[in-house]
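Structure in structure tokens, see below.
The values are calculated or read from the model by the stated rules, or taken from the named source; none is laboratory data. The structure displayed is predicted, hence computed values, not measured ones. So basically every Cβ, Gly included, is an ideal-geometry build from the backbone, and we count neighbours across all protein chains shown.
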Amino acid sequence: MSSIVIDKRYCGPPNSGNGGYVCGRLARHIAGGAEITLRAPPPLNKPLDVVATDDGSLELRDGTTLVAVGRSASVELVRLEEASFDEAFAAELLTPVKPHEHLLPNCFVCGPARAKGDGLRIFAGPLVRQSRNDSAVLAASWTPDPNLTADDGLVAPEFLWSALDCPTGYASCYDRESGSFERTPILLGRMSARIETRPRPGERCVITAWGSSAAPEACAARGYGNAGQSFPDAGFLPNVRNSEWLGPSCRSAPPKSRFAR
């Protein structure tokens, strides 16, 4: 049995891990595409056990508390929205979450209070050039810091999962027609992904995110989002995902979503 420690640097809410980062850490134990379901807030700075189950899935446990469940998954994405690095950079200036309004200013991925090189500082905003599809497309640029490097010299996979996390939350809350942004707090419920390409630190990355109409009518506080990640400096090779986000009234419902390439 192995264990994982979520360092306080990788928080989402102040006292728990960023959902995408935690999913990526557990996914390291799964070959190929993976689907991770978060069941409880991931605690910080303590060993969490990775337990193999009889059905082939993995559980992340804090003592008797089930934190997350991971399994192999065939990951597919119906469409992939693309943007240039310059378009993504321009979209950041239109981010619907202004620094003084941010609900989680110290989030590892999207927190404006995090210093450059400490947090990822990914601030997705709507593309000026919108897709012809119904949902809004948001984008952000990202250049990974050297301190995100794995032993093989590439950006560690969990940081790619992290970078795809918050932009989909933004997309699931953004209304294309009105330009309004739903500010009800939401948290990641489930994320599935297959990482095909990993950049080197310093290589320019583009993240696109768009909402999905797949949310069930029974729970209006559940939102779905999709995201793509590409690397212009390496020939536009994508990683992609889709995910499900839960609002307060959906926290007890089992989340259902896909994150894909």
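Looking only at the range 169-177, decide whether some residue is assigned to a helix (DSSP H, G or I), touching a helix residue (DSSP H, G or I) at 6+ places or on another chain (Cβ under 6 Å), of a type in the set (S, T, N, Q) and on the phi < 0 side of the Ramachandran plot.
no
Taking the range 144-166, which residues are crowded, with 22+ Cβ neighbours inside 10 Å and either of a type in the set (Gly, Ala, Ser) or free of Cβ contacts under 8 Å to residues at least 24 places away in the same chain (or both)?
Those that are crowded, with 22+ Cβ neighbours inside 10 Å and either of a type in the set (Gly, Ala, Ser) or free of Cβ contacts under 8 Å to residues at least 24 places away in the same chain (or both): 162, 163.
Give the residues of the range 61-91 that are hydrophobic (A, V, I, L, M, F, W, C), assigned to a loop (DSSP other than H, G, I, E, B) and farther than 30 Å from residue 130 by Cα, sorted by residue number.
73
On to the next question. Say whether the condition of being farther than 23 Å from residue 84 by Cβ, in contact with a helix residue (DSSP H, G or I) (Cβ under 9 Å, 6 or more places away or on another chain) and either modelled with pLDDT under 95 or crowded, with 23+ Cβ neighbours inside 10 Å (or both) is met by at least one residue in the range 121-143.
No: the range 121-143 contains no residue that is farther than 23 Å from residue 84 by Cβ, in contact with a helix residue (DSSP H, G or I) (Cβ under 9 Å, 6 or more places away or on another chain) and either modelled with pLDDT under 95 or crowded, with 23+ Cβ neighbours inside 10 Å (or both).
Still on this structure: If you check residue 21 against the conditions, is it over 18 Å from residue 209 (Cβ atoms) and crowded, with 17+ Cβ neighbours inside 10 Å?
So residue 21 fails the test.
Considering each of 169, 223 in turn, give the residue that is outside the structural domain of residue 12 (by TED's automatic domain parsing), surrounded by 17 or more Cβ atoms within 10 Å (Cβ to Cβ), within 17 Å of residue 110 (Cβ to Cβ) and at pLDDT below 80.
Answer to the selection: 223.
Further question on the same structure: Across the range 129-168, what is the total count of residues that are among the small types (Gly, Ala, Ser), more than 13 Å from residue 211 (Cα to Cα), over 10 Å from the mean Cα position of the chain (by Cα) and not in a loop (DSSP other than H, G, I, E, B)?
Result for the range 129-168: 2.
Just give me the residues in the range 39-85 being free of Cβ contacts under 8 Å to residues at least 24 places away in the same chain and either in the same structural domain as residue 190 (by TED's automatic domain parsing) or surrounded by 14 or more Cβ atoms within 10 Å (Cβ to Cβ) (or both), in sequence order.
Selection gives 57, 59, 61, 62.
Here's something else I'd like to know. Contact list please: Cβ distance under 9 Å, first residue in the range 1-20 and under 10 Å from residue 108 (Cβ atoms), second residue in a loop (DSSP other than H, G, I, E, B) and of a type in the set (Phe, Trp, Tyr), pairs at least six apart or on different chains.
Every condition considered, the pairs that remain are 9/108; 10/108; 11/108; 12/108; 17/108; 18/108; 20/108.
Another question about this same structure. Out of all the residues in the range 95-103, is one or more of a type in the set (A, V, I, L, M) and either in the same structural domain as residue 58 (by TED's automatic domain parsing) or under 13 Å from the mean Cα position of the chain (by Cα) (or both)?
No, the conditions are met nowhere in the range 95-103.
Quick one: would you say residue 137 is touching a residue at least 40 places away in the same chain (Cβ under 8 Å), in the same structural domain as residue 210 (by TED's automatic domain parsing) and within 20 Å of residue 95 (Cα to Cα)?
yes
What tally of residues in the range 86-104 results from selecting those that are of a type outside the set (Gly, Ala, Ser), surrounded by fewer than 19 Cβ atoms within 10 Å (Cβ to Cβ) and either in contact with a Phe, Trp or Tyr (Cβ under 7 Å, 6 or more places away or on another chain) or farther than 25 Å from residue 190 by Cβ (or both)?
Count: 10.
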